[in-house]
Amino acid sequence: MTVVTQLSRSKISARKWLAAIPLALLTSGCNWVVMSPSGDIAVQQRDLVLIATGLMLLIIVPVIAMTLFFAFRYRQSNKTAKYEPNWDHSVGLELLIWGVPLLIIIALGALTWTSTHLLDPYRPLGRIKPDTPTLANNVPVGNLVDKQQVGNGANGAGKPLEVQVVALDWKWLFIYPEYGIATVNELAAPVDRPIRFQMTSSSVMNAFYIPALAGMIYTMPGMQTTLNAVINKPGNYEGFSSNYSGAGFSGMRFRFHGVSDAGFQAWINQVKQRGGGLNRASYLQLEKPSEKVPVRYYNAVEQGMFKLVVEQCVQPGKVCMSQMMHGGKTGGDSHANMAMPGVNGGKGPQDAGRPEGALMKDADEKGSGKHWTAPADIKRDGANSAPGSDANRNHTMLTPSIMPGTRPVANG
């Protein structure tokens, strides 16, 4: 009976190992793109993760090792271990326990602070790739500029490729203002050329993420975010939204092609030959929610389309946000008087019939009301404990906390 039981257990164990083989084969084919990126920004981010992890392991590994060591050395069966119940302090041990973590925290803080500025997505690139130390002119920390080098430099540095990104439900629109084209769910860029992404969203917040290129950047409606990056290796990479945005979120993916200069020009020509035009009307159709949208090309883009999307006024007749904040009439703009009123005694531009709030009134127009709280220290302040008393006029109090069955008491 015992032999049969052992055989049964051996068969079960063998089955478990056989079942694990397919899983091992599947995981062996995984591509750790975050740990093996193809863009310099993503490479620096990976290095930051590895360095920070290594610094933290300087504490974690010794602690785990010492835990196992002490558990083994001072086990109950070890009668030779020294027993010192009255021991309570060691200067050297205290310095080691507190000094080493403090040094590691200082190193992590300095590393994080420096990297946060160097890898700021709004910061123009300081280099193309590790073996190319700088662009034609390196951009120092704290000296952010709107325009990088124009023309090609000695190290291959050139004018950044401008790409305007719009996150739609549930697809991606890419506009190339320099070439007058646009694409849906397909993106291309030359190798070793800086890319400046300007991003927004049509409805809800998304996150633009190409793991091989750089970290994710959020896109929000009515706002514009920026990412400066570069791709250093030719290839076909995956991009997607890493922030849940509704029913079609799982299919909100696109392909990013890193190509040579000649390959990029060929791709531009392909888009111009196969695409239609993107204007307000076609954009409004494209903006409607749709899932798993195939690649689409546009060989012409209406001027200022991206700005209209950012300001949420693509639809004809809809007022742009910049117009709402404009204070005067220009060019016969019928919406000029919808401006936010200025604080100048109620004399700022107003919509007809809109009541004038207290913020817009002069001091002598506002009148006065009773203070319904008493000072916290009546004797010291020389006031009256009765709520609403004129003696409390010169004491500015917060709204009282009134509990059932108690009188109003000032908060302070």
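The values are calculated or read from the model by the stated rules, or taken from the named source; none is laboratory data. Since we're looking at a predicted model, the values are computed, not measured. Cβ sites come from the backbone with ideal geometry, for glycine too, and all protein chains shown count toward neighbours. Please note that ligands, DNA and RNA were not included when accessible areas were found on the heavy atoms of the full protein model with its side chains. Shrake-Rupley method; radii C 1.70, N 1.55, O 1.52, S 1.80 Å.
State the extension gain, in nm to one decimal, for the chain segment bounded by LEU111 and GLU238, taking 0.36 nm per residue of separation less the distance between their alpha-carbons.
Values: separation 127, 0.36 × 127 = 45.72 nm, distance 2.96 nm.
Here the segment from LEU111 to GLU238 would lengthen by 42.8 nm.
How would you rank 34-41, 181-188, highest first, on the average number of other Cβ atoms within 10 Å across their residues? Spell out each step's value before the answer.
Working: 34-41: 18.8, 181-188: 21.9.
Result, highest mean Cβ count within 10 Å first: 181-188, 34-41.
Go through 106-118, 228-240 and give me the packing order, highest mean Cβ count within 10 Å leading.
On the way: 106-118: 11.8, 228-240: 19.1.
Per-residue mean Cβ counts within 10 Å order the peptides as 228-240, 106-118.
Got a number for the accessible area of VAL204? Probe 1.4 Å, square angstrom, nearest 10.
Its heavy atoms expose roughly 60 Å² to the probe.
With r defined as the distance between the Cβ atoms of THR53 and LYS318 and R0 fixed at 45 Å, what FRET efficiency is calculated, to the nearest 0.05?
On the way: r = 49 Å, r/R0 = 1.09.
Working from the Cβ atoms, E equals 0.35.
What distance in nm lies between label points placed 7 Å from Cα along the C-beta direction at GLN273 and GLN303?
2.9
For the pair LEU284 and TYR122, how long in nm is the line joining their label points, each one 7 Å along Cα→Cβ?
So the label points at LEU284 and TYR122 sit 3.4 nm apart.
In the stretch 267-317, what percent of the accessible surface is made up of carbon and sulfur (1.4 Å probe, ligands and nucleic acids excluded)? Don't jump to the answer; show the numbers that get you there.
On the way: 1380 of 2960 Å².
Carbon and sulfur atoms account for 47 percent of the accessible area of the stretch 267-317.
Based on the Cβ-Cβ distance from ILE60 to THR226, what FRET efficiency comes out when R0 is 25 Å, to the nearest 0.05? All intermediate terms of the calculation are to be shown ahead of the outcome.
Numbers: r = 36 Å, r/R0 = 1.45.
That gives a FRET efficiency of 0.10.
With unit charges on the beta carbon (Lys/Arg positive, Asp/Glu negative), name the residue among PHE240, ASN185, LEU213 whose Cα is farthest towards the positive pole of the charge dipole of the stretch 171-261.
Result: PHE240, furthest along the dipole toward the positive end.
Classify the stretch 215-263 as rounded, prolate or oblate, taking a ≥ b ≥ c as the square roots of the eigenvalues of its Cα gyration tensor: rounded when a/c is under 1.5, otherwise prolate if a/b is larger than b/c and oblate if not.
Values: a/c = 2.89, a/b = 1.58, b/c = 1.83.
Because a/c hits 1.5 or more and a/b fails to exceed b/c, the stretch 215-263 counts as oblate.
Rounded to the nearest whole Å², what accessible area per residue is found for the stretch 176-325 with the 1.4 Å probe? Intermediate values should be presented prior to the final figure.
On the way: 6560 Å² over 150 residues.
Accessible surface, normalised per residue, equals 44 Å².
From the Cα gyration tensor of the stretch 175-218, with a ≥ b ≥ c the square roots of its eigenvalues, which class applies: rounded if a/c is under 1.5, or else prolate if a/b is larger than b/c, or else oblate? Walk me through the numbers before you get to the answer.
On the way: a/c = 2.02, a/b = 1.17, b/c = 1.73.
Taking the square roots of the gyration eigenvalues as a ≥ b ≥ c, the stretch 175-218 is oblate.
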